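Working notes, beginning with the structure itself.
The values are calculated or read from the model by the stated rules, or taken from the named source; none is laboratory data. Worth saying up front: this structure is predicted, and the values here are computed from it rather than measured. Cβ placement follows ideal geometry from the backbone for every residue including glycine, while neighbour counts extend to all protein chains displayed. Surface areas here come from the heavy atoms of the whole protein model, side chains and all, with no ligands, DNA or RNA. Shrake-Rupley method; radii C 1.70, N 1.55, O 1.52, S 1.80 Å.
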Amino acid sequence: MGTKEIYDLLKRYREHQCTPEEEEQVMRWYDQFNDDVENLPEIPEGKLAQLWYFIHRRISNITQKRRVLVFSRYAAVIAILFIVGAGVFYFNETRKQEQPGLAKQDILPARGIAVLRLSDGREVPLDKVSVIWDKEGAMIKNDSLQILDYTLAEKRLELLYNTITVPAGGEYRVLLSDGSSVRLNSCSALTYPVAFAGDVREVKLTGEAYFDVAKSDKPFIVNTANIDVRVLGTSFNLFDYMADHEASVTLVAGKVSVRGRDEQKEFNITPGMRFEYNKENKQVKLEEVEPELYISWMLGIFKFEDMRLEDIMVKLNRWYDCSVAYEDSTLQNLRFTGAAEKDRSASYLLELIETITDVKFEINGKNILVEHK
């Protein structure tokens with residue numbers, strides 16, 4: 001069973017949609033690794049005690065006896081984690097009863113519709129399965145899995161460009177004409193040719209996307225407002241939102257060459273390395289990382305490692321389309337490590353942060369106020 005199938009199974013389990021056989025399979029996983037819970041090396045002892053308090057508080061609200069799994073900081077590759085039993089904590093939980101305050105007012109993931117702008121300026125909402133025809137009969141398939149497919153587009157002398165814009169709370173995948181796959185995160189946009197032609201394959205990104213580039217002797221170039229990435233065939237995550245202070249490239253496989261727009265020097269990075277470009281001071285930082293941390297969004301997981309609270313809330317805003325205010329600026333620099341599933345309401349993650357930090361959240365409609373406890 002692959003990673004996607006395992007993740008889908010766990011999601012169905014939490015939503016009470018499993019067959020009896022599937023429920024039994026999840027139970028066997030739980031029983032196999034339940035003994036490892038108290039030996040998590042990733043969480044400091046004091047924080048672990050706080051987490052267990054949070055878990056037991058939720059257990060006390062059981063209304064149905066169900067077992068649910070919660071993922072901690074190294075839960076990106078779910079299949080591997082179930083095999084090795086590391087970095088995951090579990091607890092017996094059911095749908096919790098309504099709690100005062102935070103849970104009464106909640107924010108669900110935004111459900112905007114991605115839009116495709118064709119080469120002639122027409123805009124097509126991607127809200128149904130269809131075949132879309134661009135200029136001169138170029139065919140684009142849009143299927144039920146939120147995938148735009150250009151692999152049948154015929155090469156032509158004139159380059160026709162399309163742009164897909166993904167709203168808050170959305171994700172979309174584009175199969176380019178050369179077979180390369182681009183998975184776009186929320187609040188992102190990609191501009192690309194309907195069919196590649198010439199000596200290079202070139203696209204433009206705003207936001208965040210995971211690229212799985214088909215091998216070719218023609219370089220594949222991704223341009224953002226701040227960095228350029230050049231590859232022949234590889235897999236990497238590229239992050240460059242206009243509002244963020246840095247842009248980054250995290251390499252999963254292969255080899256890429258990266259440079260900042262204001263830099264003459266190119267940096268070659270290898271798998272497991274992250275290139276970070278600071279937009280304010282124009283400095284470059286290279287570091288060894290765990291790529292899973294930076295691609296967890298593709299598995300439907302928010303994952304944070306020693307991240308500033310302000311940066312976390314920016315990510316939440318892109319998913320829930322909310323606004324955030326702070327009681328005072330010192331709260332913005334508090335740091336948090338943890339994870340939560342993206343298909344849950346905002347309060348799920350906020351409650352976890354409340355439990356292990358000295359902040360509390362007040363929700364009013366789509367507005368979140370961050371305060372001291």
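Values as computed for the structure displayed
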| item | result |
| --- | --- |
| Of all residues in segment 134-180 being closer than 19 Å to ARG122 by Cα, open to solvent by 50 Å² or more (accessible area, probe 1.4 Å) and out of contact with any strand residue (DSSP E or B) (no Cβ under 8 Å at 6 or more places or on another chain), the one that is modelled with the highest pLDDT | LYS135 |
| Meets criteria (in contact with a Ser or Thr (Cβ under 9 Å, 6 or more places away or on another chain) and free of Cβ contacts under 8 Å to residues at least 60 places away in the same chain) for LYS282 | no |
| One residue from VAL222, VAL229, VAL252 being open to solvent by 30 Å² or more (accessible area, probe 1.4 Å), touching a Phe, Trp or Tyr at 6+ places or on another chain (Cβ under 8 Å), touching a residue at least 12 places away in the same chain (Cβ under 8 Å) and part of a strand (DSSP E or B) | VAL252 |
| Strands (runs of 3 or more DSSP E) fully within segment 133-219 counting 1 or more residues that are under 25 Å from the mean Cα position of the chain (by Cα), closer than 16 Å to GLY233 by Cα and aliphatic (A, V, I, L, M) | 172-175, 181-184, 201-212 |
| Every residue from segment 181-199 that is open to solvent by 30 Å² or more (accessible area, probe 1.4 Å) and touching a strand residue (DSSP E or B) at 6+ places or on another chain (Cβ under 6 Å) | ARG183, CYS187, THR191 |
| Count of segment 110-133 residues which are under 19 Å from PRO193 (Cβ atoms), modelled with pLDDT under 95 and in contact with a Pro (Cβ under 7 Å, 6 or more places away or on another chain) | 0 |
| Counted residues, segment 107-126 - those being over 21 Å from the mean Cα position of the chain (by Cα) and surrounded by fewer than 16 Cβ atoms within 10 Å (Cβ to Cβ) | 5 |
| Subset of segment 232-249 (residues that are open to solvent by less than 40 Å² (accessible area, probe 1.4 Å) and of a type in the set (Gly, Ala, Ser)) | GLY233, SER235, ALA247, SER248 |
| Residue, farthest from GLY170 (Cα to Cα), within segment 180-222, restricted to residues that are out of contact with any Ser or Thr (no Cβ under 6 Å at 6 or more places or on another chain) and basic (Lys, Arg) | LYS218 |
| Residue count, segment 262-281 (criterion: closer than 15 Å to ASP244 by Cβ and touching a strand residue (DSSP E or B) at 6+ places or on another chain (Cβ under 9 Å)) | 7 |
| Pick from segment 230-264, criterion aliphatic (A, V, I, L, M) and over 20 Å from the mean Cα position of the chain (by Cα), ranking: nearest to LEU286 (Cα to Cα) | VAL258 |
| Test result for GLY121, of a type outside the set (S, T, N, Q), outside any strand (DSSP E or B), in contact (Cβ under 8 Å) with a residue 60 or more places away in the chain and out of contact with any Cys (no Cβ under 7 Å at 6 or more places or on another chain) | no |
